[in-house]
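Computed from the coordinates by the stated procedures, all read-outs in this text should not be read as laboratory data. Computed from a predicted model, the values in this text were never measured in an experiment. Quick reminder, even Gly has a Cβ in these numbers, built from the backbone with ideal geometry, and neighbours come from all protein chains shown.
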Amino acid sequence: MSHSSEPSPSPGPTEPVDEPSPPPTAPSRRRLWDELKEALSGGEQDYTEGSLRRAIALLAVPMVLEMCMESVFAVVDAFFVARLGADAVATIGLTEAVLTLLFAVAIGVSMSATALVARRIGEKDREGAAITAVQVYILGLLVSVVFGVAGVLGAEPLLRLMGASEAVVAVGAGYTRVLLGGSFTVVLLFLGNAVFRGAGDAVIAMRVLWFANLINIALDPCLIFGLGPFPELGVTGAAVATTIGRGCGVAYLVVNLVRGRGRVVIRRRHLRLDPAVLGRLARVSVGGVGQFLVETASWVLLVRILAVFGSAVLAGYTIALRILIFTFLPSWGLSNAAATLVGQNLGAGKPDRAERSVWLTARYNLYFMGSVAILLFLVPEPMVRVFSQDPAVVAMGVDTLRWFASCYVPLAYGLVMVQAFNGAGDTTTPTLLKIFTHWIWQLPVAWYLALEMELGPIGVLLAVASAEALIGVLGAVAFHFGNWKEREV
């Protein structure tokens, strides 16, 4: 995507045009350091006025760190549980597969929560933002009850349904029961942070996950292995630690919502059911849930195609995806910043500023992902060898990293555009884009190239790379010509 394709509406008299930053000098490095400290310290900002570059930095830095912390929960649990044997590790994998449905709902509702809260904040309607936050929690609790009851009453059948052996069921039923039974902590943590992101209070969302992770890291070894006065709960201890950690994060969120000084503060008068707001929230959430389910279903079917070529190919692909997730974290942070800026500026009646914020964020994401792509092309093998020394696994991992790197430039725009639509409350457009790129294009092309054309795993990787590039190109075109500026939420 060339710079010339970016729209450049005339800025208002109080809104300076953001030009690309010059090479850093000593004073500019000091300014960058000052902005970094400001981004991590919080404080109220008006993201509908002033420099967009500064607004992106203040939002993106804490959002990137928040994304990093969200990925730490599963890594920490897997690290300690791996010492208990294969059955315990299998329990985590199977339970996470069940949790995928919960994550789909939580992420879908969080997208709509960010959009609605950002719009109310942009309109300077803090009462409306507080009422929206209450409806977000009501919807989250309703979802949690369904998953919680299913987990408590049906842990063993759920594991057997996922193909678990009786040995895994015996070892892991307690883990599944606790984690699903405490699913309200997962949902409310997602949704509470989405409220703060929409309000522009990204630092609070970051602190919540840092706090929750510190609790989890401290409790995991204690409850798994029975250190000191703690009981030895085995793999179940990992679920207890995670649930307590997330629960502490939810408590921190609630304290900030009730007693905090942020843009969204809930008072007794806000604690009521508002069917109109709840209905809008649920309607916008459908598209968000759909986006996650489209991607998940596509991934499952791609894995099924790759499984034909053996476990080494599947292992290499899986390892590469874990590496790639860490390269996406800064992009997700930038994309979430774009969603907040779009929502708030549309609420403030500044659609042109909202549009400029997206193109500028996408350009910054392009700089980052372009740099990462070069790294993935040049030195993929050492990254894969951290996880495996098997030549066949390493070969597949290297191929996967390089093929993904080939689509990073258009994908840099795609990631931002998708979240920009979501921030505007238009979750339908990115859902349709993903249905086309993942189901209508990616899966048939992967099957045809890999099996019919006998290209093997490379055919799957070519299909994936082309689909990710497509969503970048089509997303940018849809954003430029779409009616997202008129979307009411």
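Please report the projected area of segment 150-208's Cα convex hull averaged over all directions, in nm². Write out the running numbers ahead of the final one.
Numbers: hull surface 19.6 nm².
Projected over every direction and averaged, the Cα hull of segment 150-208 covers 4.9 nm².
In whole Å, what three semi-axes, largest first, describe the equivalent ellipsoid of segment 285-489 built from its Cα gyration tensor (square root of 5 times each eigenvalue)?
Numbers: eigenvalues 212, 70, 32 Å².
Equivalent-ellipsoid dimensions as semi-axes: 33, 19, 13 Å.
Please report Rg (one decimal) and Dmax (integer) in Å for the Cα set of segment 49-273.
Both quantities, over Cα of segment 49-273: 18.6, 61 Å.
When the Karplus curve 6.51 cos²θ - 1.76 cosθ + 1.60 is applied with θ = phi - 60°, which whole-Hz ³J(HN,Hα) does each residue of segment 174-179 get, with x for Gly and Pro?
x, 4, 5, 5, 5, 5
With +1 on each Lys and Arg Cβ and -1 on each Asp and Glu Cβ, how big is the dipole of the chain about its Cα centre, in debye rounded to the nearest 20?
Details: 36 positive and 36 negative charges, 253 e Å.
In total the dipole reaches around 1220 debye.
Going by Cα centres, segment 48-87 and segment 337-356 are how many Å apart?
So the separation of the two Cα centres works out to 24 Å.
Taking the Cα centre of each part, how many Å lie between segment 440-482 and segment 382-439?
Segment 440-482 and segment 382-439 have Cα centres spaced 11 Å from each other.
Determine ³J(HN,Hα), in whole Hz, for all residues of segment 276-284 in sequence, where each value follows from phi through the Karplus function 6.51 cos²θ - 1.76 cosθ + 1.60 and θ = phi - 60°; x replaces Gly and Pro.
5, 5, 4, x, 4, 4, 5, 5, 5
Looking at the chain, what % of the alpha carbon pairs are farther apart than 28 Å?
Details: 64773 of 119316 pairs.
The proportion of pairs with Cα distances above 28 Å equals 54 percent.
Go through F147, L94, I107 and say which Cα lies farthest out towards the positive end of the charge dipole of segment 82-161; charges sit on Cβ, +1 for Lys and Arg, -1 for Asp and Glu.
The residue sitting most towards the positive pole is I107.
Within the chain, how many lysine pairs that are 8 or more places apart, or on different chains, have C-alpha atoms less than 22 Å apart?
On the way: K124/K350; K124/K485; K350/K485; K434/K485.
Count of close lysine pairs: 4.
Over the Cα atoms of segment 79-128, each weighted equally, I'd like the Debye log10 I(q)/I(0) at q = 0.15, 0.28, 0.32 Å⁻¹, rounded to two decimals.
Debye curve over Cα of segment 79-128, log10 I(q)/I(0) at q = 0.15, 0.28, 0.32 Å⁻¹: -0.59, -0.93, -1.02.
Which distance in nm do the two modelled labels at V152 and R261 give, with both placed 7 Å along the Cα-to-Cβ direction?
Going from the V152 label point to the R261 one covers 4.0 nm.
Please list 3J(HN,Hα) in residue order for segment 461-476, calculated via the Karplus relation 6.51 cos²θ - 1.76 cosθ + 1.60 where θ = phi - 60°; whole Hz, with x for glycine and proline.
Calculated HN-Hα couplings, in order: 5, 5, 5, 5, 4, 5, 5, 5, 5, 4, 5, x, 5, 5, x, 5 Hz.
Place the peptides 238-245, 85-92 in order of packing, highest mean first, counting for every residue the other Cβ atoms within 10 Å and averaging per peptide.
Listed from highest to lowest mean packing, they are 238-245, 85-92.
For the peptides 46-53, 448-455, what is the packing order when you average, over each peptide's residues, the other Cβ atoms within 10 Å and list the highest mean first? Display every interim value, and only then the final one.
Values: 46-53: 17.9, 448-455: 14.8.
The most tightly packed comes first, giving 46-53, 448-455.
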